[in-house]
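What follows is a single structure, written as structure tokens, with notes after it.
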Amino acid sequence: MDRVIGLIAANFATDEMGELTDERTIASLPYGGRYRLVDFPLSNMVNSGITTVGIITPYKYRSIIDHVGAGKAWGLDRKNGGLFVLPGSVFGISSSGSRFLLRDIRRNIVYLMRSPAPYVLVTSANTVSNMDYSELLKRHLETGADITLVYNIADSDDVHRTGIKTDGERVTEVIHGVSAGDKAFLDCFIISRSLLLKIVEWYSAIDYLDLFEVLEDDFDKMDVRAYMYEGYARSIFTVQDYFKRSMDLLNVDVYDEIFSKDAPVMTKVQDSVPTKYVKGASVKNSLIPAGCVIAGSVEDSILFRGVTVGKGAVVKNSIIMQSCVLGDGACIENAIIDRSNVIRAGTVIKGSAEEAFIKEKSVN
Amino acid sequence: MTTKKDCIAMLLAGGQGSRLGALTRHIAKPAVSFGGKYRIIDFSLSNCTNSHIDTVGVLTQYRPYQLNSYIGTGSAWDLDKGRGGVSILPPYATETGGEWYKGTADAIYQNLDYIDMYDPEYVLILSGDHLYRMDYQKMLQSHINNNADLTISVMDVSYEEASRFGILTVDDEDRVTKFTEKPKEPDSTLASMGIYIFSKKVLKEALIADSTDPDSEHDFGKNIIPNLLQDGHRLFVYRFSGFWKDVGTIPSYHETSMDLLEPNPQFDLLSDEFPVMSRENIQPPHYIGPEGSVEECFVGNGSRIFGTARHSVLSINCYVGEGAFVKDSVLMPGARVESGAKVVRAIMGENSVVAAGAVLGSEDPNSKIAVVGDSIVVEKGGAE
């Protein structure tokens, strides 16, 4: 995989994430108890043997730069290659939902020009998977395609994804929105570096568009192929997606696949102490990272680092982010409690099963 | 080349820790897992970093591979420095042959060149197998204030315990007047913690003199300290009052681990002051299954618990199967208790397995703690 460099397009914003992205972007959204969404493409690239990764940062870049730093956690603090932070542009309308804004690539064209690698693997930063990209490269080389993109089959919750129409393996059309059973783009593709450079140059006049918007008219001239990914891969566009795809991890098969021992998901390390369970604690079907202290009851939920669950407190079907303190007897159900919230003793917070209540981040 | 440092640390990590039996069969004692995610050497290394001592020589000898790879570049403790940082110092060959480290003093003697490279005023000598949090700067300040040649960190122990330690008798100004290794009838209860600050010049002279003494065991406690005292050097004690433990035996390892689970443990790992750093292999959050039940436990990342765990330390990547029961035990990283198995009052080594339906340990509080070495499988019906 030393013939491939990575490009993570983390400058994707949407209005559908509510308060969760007031202060951060989707790429740096906390996920799975200790990770951020960007950890998944970053780790997948490194685990696939890619050692040069450019990350196009979002406009609100503080949280993502804080997180990735010099790339040490991913072994990307290297002399040769390593992590390149590529500043992204300001979006006009965030709800346009572009993942691969041409302008972002054009602005950072030097990153692509200076590399000797013949191929570029491009992904978004809002898809959770543990994908081995070397399979994709192999396929791409076998078919000799110009672009090979990755898709899987949409389920009923995947409404916000981009669909593709194919003729055999050839992609003929890109459509917005999918229904269950449709082929849905996983926002991940491989392309030769020279072609990507050419495309950016050809379409420089309309670089406010998404790469796939401008390519749509070229599908008859250009060999764009689709590669089906069989493993778990789900993209997050809305609060509902976030909630549901988080809870997917409570399925042991998904947990085992995403957190494969052979291809570990890497993230910024903090020295958290193992979690302490106090007498009277009761935890069922939940994901608990290090650094928590649990005296109450937690069920069907995901906690993040440094969460304290007081005596008699009850957490059900909820996501409690980093450093929250739930006072004795507090009751949280169907909710997302963003980081650093202190929930006073006895407080009750309940959302509905259809729509989780969001308690926004506290500035602590 | 000299890169002048005020104080550097020499960390003795070469001992086997043979009284830990099966736990140190394959690894040196400083590399033994403790507290769910730590290795014993984390505590000394973290103390160095938290005390702003950025140059640490780690002396290894017994089964060093795991220790060496664990320490790596020292980045986990922010000890990957351009000048200084952590250096692993194993025994080495010279033009005249080369020798194993014959004792604690000899290990330092053989690395005088390393010390000279940094030309420090003071040398801090530490053991890599003690559990404690300590600000070495305070001890160094005391050393400087006393204009001492050697300062020995001490703690007050009970009279009964005193005969297990090197015991120091001091005058009104805390200057050492007498030092006795493991006295039968102690006349003081100030016990040496095996933590020394030497003025470098005195250390160097003492080590060179000791190296030519054919009767010496080349040990700080047995030889260097008594000789310095006899020669009229200025030896002082530094009184330490926090938690300190040499988990040298299976019962003490077990007891210290169980104490972590108390509501107010003596050694509070959760305290934010002086954080303990460790080299972490990133593991996912642990998962407790629908029928899992965990109380009074420490649980590390990457573990999966489908059965019941009570009053135990479950380290990273442990597995407790459905219907399995774990109590009053320590599961080291990667230990597996398969479905329906029972583990009570036991220590399971790294990646060891208690097979489905098998039993390890006994509820009887007078029974010995059951110990399973690293990667050992305990079968159903089979003895350990």
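Before moving on, here are some points about what is shown:
- Residues (open to solvent by less than 50 Å² (accessible area, probe 1.4 Å) and more than 18 Å from A:LEU211 (Cβ to Cβ)) located in segment A:150-165: A:ASN152, A:ALA154, A:ASP155, A:ASP158
- B:ALA335 fulfils the conditions (1) surrounded by fewer than 24 Cβ atoms within 10 Å (Cβ to Cβ); (2) touching a Ser or Thr at 6+ places or on another chain (Cβ under 6 Å) except for a single criterion, (1).
Residue by residue, here is whether (1) touching a Leu at 6+ places or on another chain (Cβ under 9 Å); (2) in contact (Cβ under 8 Å) with a residue 40 or more places away in the chain; (3) more than 16 Å from A:LYS244 (Cα to Cα) holds:
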{"site": "A:GLN270", "(1), (2), (3)": "no, no, yes"}
{"site": "A:GLY280", "(1), (2), (3)": "no, no, yes"}
{"site": "A:ASP328", "(1), (2), (3)": "no, no, yes"}
{"site": "A:ILE337", "(1), (2), (3)": "yes, no, no"}
{"site": "A:ILE343", "(1), (2), (3)": "yes, no, yes"}
{"site": "A:GLY346", "(1), (2), (3)": "no, no, yes"}
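- Within segment B:74-99, restricting attention to residues that are more than 24 Å from B:HIS143 (Cβ to Cβ) and among the hydrophobic types (A, V, I, L, M, F, W, C), the residue that is most open to solvent (accessible area, probe 1.4 Å) is B:ALA93.
- Residue within segment B:214-237 that is open to solvent by less than 10 Å² (accessible area, probe 1.4 Å) and in contact with a Pro (Cβ under 6 Å, 6 or more places away or on another chain) present: no
- Listing of strands (runs of 3 or more DSSP E) fully contained in segment A:258-364 that carry 1 or more residues being within 26 Å of B:MET277 (Cα to Cα) and among the hydrophobic types (A, V, I, L, M, F, W, C): A:286-288
- Every test in (1) crowded, with 16+ Cβ neighbours inside 10 Å; (2) touching a Phe, Trp or Tyr at 6+ places or on another chain (Cβ under 7 Å); (3) modelled with pLDDT under 95 is passed by B:GLN266 save one, and that test is (1).
- Qualifying residue in segment A:266-280 (condition: facing chain B (nearest Cβ under 10 Å), more than 30 Å from B:ASP268 (Cβ to Cβ) and open to solvent by 30 Å² or more (accessible area, probe 1.4 Å)): no
- Restricting A:ASP220, A:ASP262, A:ASP241 to residues that are closer than 26 Å to A:GLY306 by Cα and more than 9 Å from chain B (Cβ to nearest Cβ) narrows the list to A:ASP241.
- Subset of segment A:70-90 (residues that are within 14 Å of another protein chain (Cβ to nearest Cβ) and either under 20 Å from A:ASP104 (Cα atoms) or of a type in the set (Phe, Trp, Tyr) (or both)): A:TRP74
- Criterion: open to solvent by less than 10 Å² (accessible area, probe 1.4 Å) and within 12 Å of chain B (Cβ to nearest Cβ) - qualifying residue of A:LEU287, A:LEU250: A:LEU287
- A single member of A:ALA184, A:ALA205, A:ALA226 is over 21 Å from A:GLY6 (Cα atoms) and in a strand (DSSP E or B), and it is A:ALA184.
- Qualifying residue in segment B:340-357 (condition: open to solvent by 80 Å² or more (accessible area, probe 1.4 Å), polar (S, T, N, Q) and at pLDDT below 95): no
- Evaluation of A:PRO116 against the conditions (1) at pLDDT below 95; (2) closer than 20 Å to A:ARG62 by Cβ; (3) open to solvent by 10 Å² or more (accessible area, probe 1.4 Å) shows that the sole unmet condition is (2).
- Qualifying positions in segment A:221-254 - more than 16 Å from the chain's Cα centre (by Cα) and touching a residue at least 24 places away in the same chain (Cβ under 8 Å): A:MET222, A:ASP223, A:VAL224, A:ARG225, A:ALA226, A:TYR227, A:MET228, A:TYR229, A:GLU230, A:LEU250
- Conditions (1) free of Cβ contacts under 8 Å to residues at least 60 places away in the same chain; (2) assigned to a helix (DSSP H, G or I): number failed by A:THR172: (2)
- The combined condition, being touching a Pro at 6+ places or on another chain (Cβ under 9 Å), in contact (Cβ under 8 Å) with a residue 12 or more places away in the chain and within 14 Å of another protein chain (Cβ to nearest Cβ), is not fulfilled by A:SER194.
- Search result, residues across segment B:306-330 that are of a type in the set (Gly, Ala, Ser), closer than 11 Å to B:GLY292 by Cα and open to solvent by less than 40 Å² (accessible area, probe 1.4 Å): B:GLY307, B:ALA309, B:GLY321, B:ALA324
- Output for segment A:297-318, where each listed residue is within 12 Å of another protein chain (Cβ to nearest Cβ) and either crowded, with 24+ Cβ neighbours inside 10 Å or of a type in the set (Lys, Arg) (or both): A:VAL298, A:SER301, A:ILE302, A:LEU303, A:PHE304, A:ARG305, A:VAL307, A:LYS311
The values are calculated or read from the model by the stated rules, or taken from the named source; none is laboratory data. Keep in mind the model is a prediction, meaning the values are calculated, not measured. Cβ atoms come from the backbone with ideal geometry, glycine included; neighbour counts cover every protein chain shown. These accessible areas exclude ligands, DNA and RNA; they are computed on the full protein's heavy atoms, side chains included. Shrake-Rupley method; radii C 1.70, N 1.55, O 1.52, S 1.80 Å.
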